[in-house]
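Shown next, in structure tokens, is the structure this report addresses.
The values are calculated or read from the model by the stated rules, or taken from the named source; none is laboratory data. What you see is a predicted model; the values in this text were computed from it and never measured. A quick note on method: Cβ atoms are made from the backbone with ideal geometry, for glycine too, and the neighbour counts reach across all protein chains shown.
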Amino acid sequence: MIISVIALACAGSAIAAIAARWMPRALVPALVLEIAFGIAIGPNGLDLMEPGPTMELLARIGFGMLMLIAGLEIDLDMLLARGRKAERTSPLTLALAMSLLTVAMAGAGAWLLLDPATPPLHLAIYAVILSTTSVGIVVPTIQERRLADGPYGQTVLSTALLADFFTMIAISVLAGIVVSGRAEGALGSLALVAVGGVAIWLLPKLLARIPVTRLDSRTSLPLIRLSLAVLFLVAWLAETLGSELVLAAFLAGLLLGRIIPRGSHRRETLEAIGYGFIVPFFFINVGLKFDIPALFASPTALLLVPGFVAVAFANKIIPSLLLIPAHGRRMAVAAGILLSARLSLIVAASDIATRIGVLDTATNAAMVLVAIISAALAPLLFNLLAEPSPTTLAKAEA
């Protein structure tokens with residue numbers, strides 16, 4: 001049974017990856033196709049596989065690996081250095097302002113769309129879910145357009161990274177409060193952040209005395225083994241403290257990002273293990289659990305989809321207008337559209353909210369549909385709207 005589950009999931013991830021590369025300019029991320037594959041083979045499709053303990057465990061490990069890789073993407077030194085050295089408004093300052101506006105607009109949008117009797121704590125969770133951004137889509141899109149090294153690209157990347165960072169903390173804290181029914185329920189997540197902060201500050205300094213070459217080997221792979229050990233240790237710590245895996249794995253990624261040098265082939269090895277094998281289990285499991293009958297049986301949930309999509313784009317595009325003085329209206333709107341892409345984190349946050357009873361299955365399905373729509377539309381619209389970078393123009397002219 002376990003072998004058949006792994007075999008089907010691996011086949012599906014391979015098909016999704018090949019199909020995504022065959023599409024013009026890879027417009028649809030492979031992750032969307034993995035969700036579609038899960039729907040196709042699940043109870044609402046061919047019924048070849050059902051959600052179960054085996055797939056749930058593999059999906060949970062895959063999700064942890066996904067969040068660890070997301071943490072690896074964040075360059076804390078770059079963010080802080082940009083904020084100190086820039087002469088005018090820095091990318092980090094703009095990113096903070098845009099992120100705060102995004103949360104405020106997401107909260108206002110949720111308040112307008114939902115039942116007036118919705119508890120404030122539940123509204124806050126909806127606001128967090130609708131504030132997410134997909135770093136996995138934003139980063140490669142910015143890099144493909146050769147914008148990553150300029151102020152515009154740094155601002156967009158900083159905004160996406162901050163959105164992920166604060167969303168992970170917020171959803172973990174709010175989930176703890178909902179589950180416990182008291183504010184003290186947030187203490188586990190706050191304690192995890194405190195422990196993670198100390199480790200991120202202290203461990204890299206202690207390990208700096210050890211040459212990286214001593215931690216590298218083509219056969220024993222100490223850095224890879226260390227990374228996987230850290231992931232599972234922080235997951236165990238999060239469980240002990242009553243926090244969420246999403247936060248623990250992300251903090252582990254931040255820590256490892258300070259230990260494993262940028263440009264190291266070991267980062268590529270971790271991404272290969274994650275995206276090539278274990279992460280697809282998470283997205284295929286999302287497709288397996290995607291409850292189409294519940295969605296279509298709930299007129300309220302169906303009506304929420306266009307509303308959520310509108311809020312998801314508006315709460316990124318409007319704050320991005322702050323970029324107009326520095327980058328012009330067209331590029332500002334393009335940034336907002338790209339930041340509107342949601343995928344892994346909105347699905348994860350929605351899954352957490354469903355597990356703790358804030359969202360029902362129909363609303364969760366609506367959120368997954370919003371993720372698929374935004375992930376498919378945002379990169380396409382950005383590429384149509386964004387002006388080519390000077391480097392790209394120079395290459396084209398040559």
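Quick check on my filter: what residues within the stretch 20-69 are touching a residue at least 60 places away in the same chain (Cβ under 8 Å) and β-branched (Val, Ile, Thr)?
Correct list: Val28, Val32, Ile35, Ile39, Ile41, Ile61, Ile69.
Picking from Gly181, Gly185, Gly176, which residue would you name as being crowded, with 23+ Cβ neighbours inside 10 Å and either basic (Lys, Arg) or farther than 23 Å from Leu72 by Cβ (or both)?
Result: Gly176 is the single residue among Gly181, Gly185, Gly176 that is crowded, with 23+ Cβ neighbours inside 10 Å and either basic (Lys, Arg) or farther than 23 Å from Leu72 by Cβ (or both).
Any residue at all in the stretch 87-103 that's surrounded by fewer than 16 Cβ atoms within 10 Å (Cβ to Cβ), under 28 Å from Leu377 (Cβ atoms) and of a type in the set (A, V, I, L, M, F, W, C)?
Scanning the stretch 87-103, I find at least one residue that is surrounded by fewer than 16 Cβ atoms within 10 Å (Cβ to Cβ), under 28 Å from Leu377 (Cβ atoms) and of a type in the set (A, V, I, L, M, F, W, C), so the answer is yes.
Just checking, does the stretch 147-157 include any residue being over 23 Å from Val347 (Cβ atoms), among the aromatic types (Phe, Trp, Tyr) and buried (at least 16 other Cβ atoms within 10 Å of the Cβ)?
yes
Would you check if Arg262 is of a type outside the set (Asp, Glu), at pLDDT below 90, closer than 28 Å to Leu58 by Cβ and not in a helix (DSSP H, G or I)?
So Arg262 does not fit the description; no.
Would you confirm whether any residue within the stretch 273-293 is out of contact with any Pro (no Cβ under 6 Å at 6 or more places or on another chain), among the β-branched types (Val, Ile, Thr) and within 24 Å of Trp111 (Cβ to Cβ)?
No.
On the given criteria, is Ala341 closer than 24 Å to Phe63 by Cβ and touching a residue at least 40 places away in the same chain (Cβ under 8 Å)?
Answer is yes for this residue.
Pairs, please: C-beta under 8 Å, at least 6 apart or cross-chain, first residue closer than 22 Å to Glu50 by Cβ and touching a residue at least 60 places away in the same chain (Cβ under 8 Å) and in the stretch 289-312, second of a type in the set (Gly, Ala, Ser) and not in a helix (DSSP H, G or I)?
Taking only residues 6 or more apart or on different chains, the pairs are Lys289/Gly42; Phe290/Gly42.
Starting from residues that are at pLDDT 90 or above and not small (Gly, Ala, Ser), keep the ones in the stretch 196-234 and report whichever is surrounded by the most Cβ atoms within 10 Å (Cβ to Cβ).
Step by step, filter the stretch 196-234, then rank; the result is Val234.
So which residues in the stretch 330-353 are under 16 Å from Pro379 (Cβ atoms) and not aliphatic (A, V, I, L, M)?
Scanning the stretch 330-353 gives Gly336, Ser340, Arg342, Ser344.
Output the helices (runs of 4 or more DSSP H) that fall wholly within the stretch 106-201 and possess 3 or more residues being under 15 Å from the mean Cα position of the chain (by Cα) and under 24 Å from Met65 (Cβ atoms), or say none.
135-144, 151-180
Those residues that are closer than 11 Å to Gly71 by Cβ and either touching a strand residue (DSSP E or B) at 6+ places or on another chain (Cβ under 6 Å) or not hydrophobic (A, V, I, L, M, F, W, C) (or both), I need them from the stretch 228-264; list them, please.
Within the stretch 228-264, Gly253, Gly257, Arg258 meet the criteria.
Condition first: over 12 Å from Val311 (Cβ atoms) and buried (at least 23 other Cβ atoms within 10 Å of the Cβ). Now tell me which residues in the stretch 117-131 satisfy that.
Scanning the stretch 117-131 gives Ile125, Val128.
Could you grab the pairs with beta carbons closer than 7 Å, sequence gap of 6+ or different chains, first residue in the stretch 161-177 and more than 10 Å from Ser243 (Cβ to Cβ) and in contact (Cβ under 8 Å) with a residue 24 or more places away in the chain, second one of a type in the set (S, T, N, Q) and not in a helix (DSSP H, G or I)?
Ala163/Ser131; Ala163/Thr132; Ala163/Thr133; Asp164/Thr133; Thr167/Ser131; Thr167/Thr132
Listed here are the residues, each with its yes/no results for (1) surrounded by fewer than 17 Cβ atoms within 10 Å (Cβ to Cβ); (2) under 26 Å from the mean Cα position of the chain (by Cα); (3) hydroxyl-bearing (Ser, Thr, Tyr); (4) at pLDDT 90 or above.
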{"site": "Leu359", "(1), (2), (3), (4)": "no, yes, no, yes"}
{"site": "Ala362", "(1), (2), (3), (4)": "no, yes, no, yes"}
{"site": "Ala366", "(1), (2), (3), (4)": "no, yes, no, yes"}
{"site": "Ser374", "(1), (2), (3), (4)": "no, yes, yes, yes"}
{"site": "Ala386", "(1), (2), (3), (4)": "no, yes, no, no"}
{"site": "Thr391", "(1), (2), (3), (4)": "yes, no, yes, no"}
{"site": "Ala394", "(1), (2), (3), (4)": "yes, no, no, no"}
{"site": "Glu397", "(1), (2), (3), (4)": "yes, no, no, no"}
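Within the stretch 239-254, track down each residue that is in contact with a Gly (Cβ under 9 Å, 6 or more places away or on another chain), surrounded by fewer than 24 Cβ atoms within 10 Å (Cβ to Cβ) and either without any contact (Cβ under 8 Å) to a residue 12 or more places away in the chain or hydrophobic (A, V, I, L, M, F, W, C) (or both).
Thr240, Leu241, Leu245, Leu254
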